[in-house]
Amino acid sequence: MSAGDALTHPWLTVRVQIVLGLLFVAAALPKVVDPPSFAHMIYNYRIVPASLVNIMALVMPWVELLAGMALILGLWRRSANALMAILLVIFIVAITINLARGNVIDCGCFDVHAAGRSNAQRLADMKLDILRDIGMLLLSLQLWYGVRRQEMAPG
Amino acid sequence: MDKRRFMMEAATIILASIVCALVANGLASRERAMALVGDYPGARSMPARPSETFTPTSSTAGTSQSSRFDPPVTATAMNAASGAAAESGAPLEGNAPMTTTAPSASSRPPQPASTAVPTGKRSVPANSAPLKPNPVPPKAAPIAAAPASSASRPSQPADPLSRFPPHEKVPFGEISGDDVAWLHQRGVLFLDARRTSVYEQGHIAGARPFSVWESDVDDKVKALLAENRDQKQPIVIYCSGGDCEDSHMLAQKLWGVFFNNIYVYKDGFPDWQKRGGPAKSGGQP
């Protein structure tokens, strides 16, 4: 079995699919429950125009939640996975921009409340957040090719 | 995979998310609901950084405050402030550090039609001196020692306006715990800009919940206007200190409806707790 075959093996794909789905559902729930806190987090990024902060805070968690649930249930896997990948790229770019301009923020990825940590700790957290999101993006990539292999398989 | 089907599925997830978000927001309590269009000044501008240090220039009767009450203060002394000081007729100065911050785009929004206050837009003048408080009364008592009843309060100048005159051209001034304690002892209106759930865990005694992130903030502003308060009386707004900007956002909002004497407690509730100031928990002020 080649490395490509091993990386897109259905056994691995289904596990990646469930892990990604669970991660997105876990990330979405605190935001769905408390949109104003998530809006505050989005505001702190200083990227989104004021008029879009609230609507983003309301809709984005539901995209995460529904896409995550779709993956867990094995429905619409490619489209759900594509949406997740787009969100991950947005998160990575947003955190990177703030890291580059020295604006220390709480990610708001899995928790919408400020952690009360020092600036140095939060800067370190931002770097870890980027690495984590890149890791999740790699899982998403595996899922993309794994699902494509299943769909192209004869029978 | 069919590209069209792929796009339809993705669009369905997004549409379902929008519907769920709108329904959830419609059913949410006032503390969890939000206006669909946000109104946050400076949403895309970076937080202001301290640019100038203000050294208090005068003291009264040779008194000095206790060391725990006068930490060195780095201030954002903005150009705009002096217009307010000049307009008030008395330069604001004192031995308690006070700083002012005028947000970059500090022009007032149009006055709501429902309010009976003057309308018009005022711009911040350039090239003016920093806003400074008037002389502090001798011996600002530690907060913990502040008597609860007004009858037993020390004989200090009672009128907050004497020390904190209105500043119509500056949205707000930043003040430290000493000034806040002084104003608290005089029964000035305090507004807590943090989330209501946090307010309920503990807040400055007498402060009202006034979160800028909750859907009813505009209703609260209107209710405040409907009280027909003297809009030149000081109002103190606080949040969690540090880089918390909720109080600044609320100050900007209130200045927009012509409250002309707003102060932001820059170190916020954590500092108040450290000082042992009177605090309450629960949903009532």
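The values are calculated or read from the model by the stated rules, or taken from the named source; none is laboratory data. This structure is a prediction, so every number in the text was calculated from the model and none was measured. No Cβ is skipped: glycine too gets one built from the backbone with ideal geometry, and neighbour counts run over all protein chains shown. Heads up: the accessible areas ignore ligands, DNA and RNA and are worked out on the full protein's heavy atoms, side chains in. Shrake-Rupley method; radii C 1.70, N 1.55, O 1.52, S 1.80 Å.
Could you tell me whether region A:2-10 includes any residue that is within 11 Å of another protein chain (Cβ to nearest Cβ) and of a type in the set (D, E, K, R)? First the steps, then the outcome.
Just the residues of region A:2-10 that are within 11 Å of another protein chain (Cβ to nearest Cβ), to begin with: none.
The answer is no, given that none of the residues of region A:2-10 is within 11 Å of another protein chain (Cβ to nearest Cβ) and of a type in the set (D, E, K, R).
Given the conditions (1) out of contact with any Lys or Arg (no Cβ under 9 Å at 6 or more places or on another chain); (2) open to solvent by less than 60 Å² (accessible area, probe 1.4 Å); (3) more than 9 Å from chain B (Cβ to nearest Cβ), and given that A:Ile95 satisfies all but one, which numbered condition is not satisfied?
Of (1) out of contact with any Lys or Arg (no Cβ under 9 Å at 6 or more places or on another chain); (2) open to solvent by less than 60 Å² (accessible area, probe 1.4 Å); (3) more than 9 Å from chain B (Cβ to nearest Cβ), only one is false for A:Ile95: (1).
One line per residue, one yes/no per condition, for (1) open to solvent by 50 Å² or more (accessible area, probe 1.4 Å); (2) more than 8 Å from every other protein chain (Cβ to nearest Cβ); (3) touching a helix residue (DSSP H, G or I) at 6+ places or on another chain (Cβ under 7 Å); (4) assigned to a helix (DSSP H, G or I):
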site: A:Thr13; (1), (2), (3), (4): no, yes, yes, yes
site: A:Leu20; (1), (2), (3), (4): no, yes, yes, yes
site: A:Val48; (1), (2), (3), (4): no, no, yes, no
site: A:Val53; (1), (2), (3), (4): no, no, yes, yes
site: A:Val63; (1), (2), (3), (4): no, no, yes, yes
site: A:Ala70; (1), (2), (3), (4): no, no, yes, yes
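Any idea which of (1) away from chain A (no Cβ under 14 Å); (2) open to solvent by 10 Å² or more (accessible area, probe 1.4 Å) is the one B:Trp272 doesn't satisfy?
Failed condition: (2).
Would you confirm whether any residue within region A:102-113 is in a helix (DSSP H, G or I), open to solvent by less than 40 Å² (accessible area, probe 1.4 Å), within 14 Å of chain B (Cβ to nearest Cβ) and more than 30 Å from B:Met8 (Cβ to Cβ)?
Taking region A:102-113 and keeping what is in a helix (DSSP H, G or I), we get none.
Looking through region A:102-113, none of the residues is in a helix (DSSP H, G or I), open to solvent by less than 40 Å² (accessible area, probe 1.4 Å), within 14 Å of chain B (Cβ to nearest Cβ) and more than 30 Å from B:Met8 (Cβ to Cβ).
Would you point out which residue out of B:Arg195, B:Arg186, B:Arg229 is open to solvent by less than 50 Å² (accessible area, probe 1.4 Å) and more than 16 Å from B:Glu31 (Cα to Cα)?
B:Arg186
State whether one or more residues within region B:207-220 are of a type in the set (A, V, I, L, M), within 20 Å of A:Ala50 (Cα to Cα) and either surrounded by fewer than 20 Cβ atoms within 10 Å (Cβ to Cβ) or out of contact with any helix residue (DSSP H, G or I) (no Cβ under 7 Å at 6 or more places or on another chain) (or both).
yes
Count, please, the residues in region A:29-46 that happen to be of a type outside the set (A, V, I, L, M, F, W, C), at the interface with another protein chain (Cβ under 8 Å from one of its Cβ atoms) and either on the phi < 0 side of the Ramachandran plot or outside any loop (DSSP other than H, G, I, E, B) (or both).
6
Look through B:Ser281, B:Ser247 and report the one residue that is in contact (Cβ under 8 Å) with a residue 40 or more places away in the chain, among the polar types (S, T, N, Q) and open to solvent by less than 50 Å² (accessible area, probe 1.4 Å).
Answer to the check: B:Ser247.
Can you name the residue in region B:13-40 that is facing chain A (nearest Cβ under 7 Å) and not hydrophobic (A, V, I, L, M, F, W, C) and is also most open to solvent (accessible area, probe 1.4 Å) among such residues?
B:Asp39
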